[in-house]
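Colleague: Here it is, the structure in full.
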Amino acid sequence: MRLAELSERSGISTATIKYYLREGLLPPGRRISTTQAEYDDPHLRRLRLIRALTQVGRLPVATVREVLSNVDDSSLDQHSRIGSAVWALPHGSQPAPEGQDEQDADLTAQALLEELGWGYSHAAGSASPAYRMLVRAIAALRRLGYPAATENLLPYARAAGQVATTDLELIAGYDDAEEQIEAAVACTVLYEPVLLSLRRLAEAEESNRRFGTKS
């Protein structure tokens, strides 16, 4: 397809597509003349991923470029490519200088992963952005006096495990390896708002059941 059709099918203006090409976010098309190129379905899929990252995820171009470079790194195995691409996504605020609260939270996080039998995550430890985010969250809960022991966190972790199984089933449904990696990134960005909204709706239902006015 030509650039105009790519724009029409993706819903992204030609000017924006040209910007993505200049920034290296979108691979160049197959050159058919000095002024024209042809594009295919992988370009369309990549544009949808870029739009998810920039418009929904609100990621800056530099971060999107880093994520996509991991998506395209064929030297890694599939698990490592998915992990590297997702790790490149933002994971909350930067950590504060480590103190006793963070050290205690780190011990709790390690104990939680051991209890769950999440050996890969436990081995990754502080190298994982998600693990560091967990430690910061546990430390914040403790500082504010809310329950954050292993037994308090286990139900949340087990629910997250069920969500992860659903995520990976969806990703595995794509036949192409590139599509699987792109889906992993897109679903991380697009489904997190779904999870947050469903949790709040579920809490409203449970609150009404427990505390609402009985008719």
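Colleague: For the range 1-46, just the Cα atoms, rotate onto the principal axes and tell me the three extents in Å, largest first.
Modeller: 25, 20, 18
Colleague: Please list the non-local residues whose amide H lies under 5 Å from the amide H of Ala37, H modeled 1.01 Å from N, same-chain partners needing a gap of 5 or more.
Modeller: Distant-sequence amide H within range of Ala37: Leu3, Ile32.
Colleague: Determine, from the Cβ-Cβ distance of Arg143 and Val163 and an R0 of 35 Å, the FRET efficiency 1/(1 + (r/R0)^6), rounded to the nearest 0.05.
Modeller: Given R0 = 35 Å and the Cβ-Cβ separation, E is 0.80.
Colleague: Taking a temperature of 4 °C and a viscosity of 1.567 mPa s, what whole-number D in µm²/s does Stokes-Einstein yield for the range 116-202 with Rh from Kirkwood over alpha carbon pairs?
Modeller: Result for D is 86 µm²/s.
Colleague: While we're on this one: Given an 8 Å cut-off on Cα distances and at least 6 residues of separation, report the relative contact order of the range 1-70 as a percent.
Modeller: Once normalised by length, the contact order is 30 percent.
Colleague: For the chain, set up a Gaussian network in which alpha carbons nearer than 10 Å are linked by springs, and say which option among Leu25, Leu201, Leu107 fluctuates the most.
Modeller: Leu201
Colleague: Also, I was wondering about something else. Leaving out ligands, DNA and RNA, what percent of the accessible area of the chain is carbon and sulfur, probe 1.4 Å?
Modeller: 53
Colleague: Residue by residue, what Karplus-based ³J(HN,Hα) values in Hz, rounded to whole numbers, does the range 61-71 have, using 6.51, -1.76 and 1.60 with θ = phi - 60° and x for Gly and Pro?
Modeller: These are the phi-based 3J(HN,Hα) values: 4, 4, 5, 4, 4, 5, 4, 5, 5, 6, 4 Hz.
Colleague: What nm value, rounded to one decimal, do you get for the distance between Ser74 and Ala15 when each label is placed 7 Å out toward the C-beta?
Modeller: With each label placed 7 Å out from Cα toward Cβ, I get 3.5 nm.
Colleague: Non-local amide H neighbours of Gly24 (under 5 Å, H modeled in plane, Pro and chain starts lacking H): which ones?
Modeller: Correct list: empty.
Colleague: Still on this model: Between Arg48 and Ala202, how many nm apart are label points set 7 Å from Cα along the C-beta direction?
Modeller: 2.7
Colleague: How large is ³J(HN,Hα), in whole Hz, for each residue of the range 86-91 in order, when computed from phi with the Karplus curve 6.51 cos²θ - 1.76 cosθ + 1.60 and θ = phi - 60°, using x for Gly and Pro?
Modeller: 6, 4, 6, 5, x, 10
Colleague: Ok, one more. Along the range 185-195, what does the Karplus equation 6.51 cos²θ - 1.76 cosθ + 1.60 (θ = phi - 60°) give for ³J(HN,Hα), rounded to whole Hz, x for Gly and Pro?
Modeller: Once rounded to whole Hz, the list reads 5, 4, 5, 4, 6, 7, 8, 4, x, 5, 4.
Colleague: Hey, another quick one. With a cut-off of 8 Å between alpha carbons and a minimum separation of six or more residues, what is the relative contact order of the chain in percent?
Modeller: 18
Colleague: Quote the relative contact order of the range 100-211 in percent (integer), defining contacts as alpha-carbon pairs under 8 Å separated by 6+ residues.
Modeller: Computed over the range 100-211, the figure is 21 percent.
Colleague: Still on this model: For Thr34 and Arg209 in the same chain, what is the full-extension length gain: residue separation times 0.36 nm, less their Cα-Cα distance, in nm?
Modeller: Separation in residues times 0.36 nm, less the Cα-Cα distance, equals 56.3 nm.
Colleague: Also, quick follow-up: Hey, got the dipole for the range 100-211? About the Cα centre, +1 on K and R Cβ, -1 on D and E Cβ, debye to the nearest 20?
Modeller: The calculation lands at about 700 debye.
Colleague: Could you identify which residue out of Leu198, Leu26, Leu89 has the top mean-square fluctuation in a GNM of the chain using Cα springs shorter than 10 Å?
Modeller: Evaluated over the chain, the most mobile residue of the options is Leu198.
Colleague: Take the chain, connect every pair of alpha-carbon atoms lying under 10 Å apart with a spring to form a Gaussian network, then pick out the residue of Ala123, Ala85, Ala172 with the largest mean-square fluctuation.
Modeller: Answer for the Gaussian network model of the chain: Ala123.
The values are calculated or read from the model by the stated rules, or taken from the named source; none is laboratory data. Predicted model only: the values in this text are computed from it and were never measured. Counting neighbours? That spans all protein chains shown, and the Cβs are built from the backbone with ideal geometry, glycine included. SASA here: full protein model, heavy atoms, side chains in, ligands and nucleic acids out. Shrake-Rupley method; radii C 1.70, N 1.55, O 1.52, S 1.80 Å.
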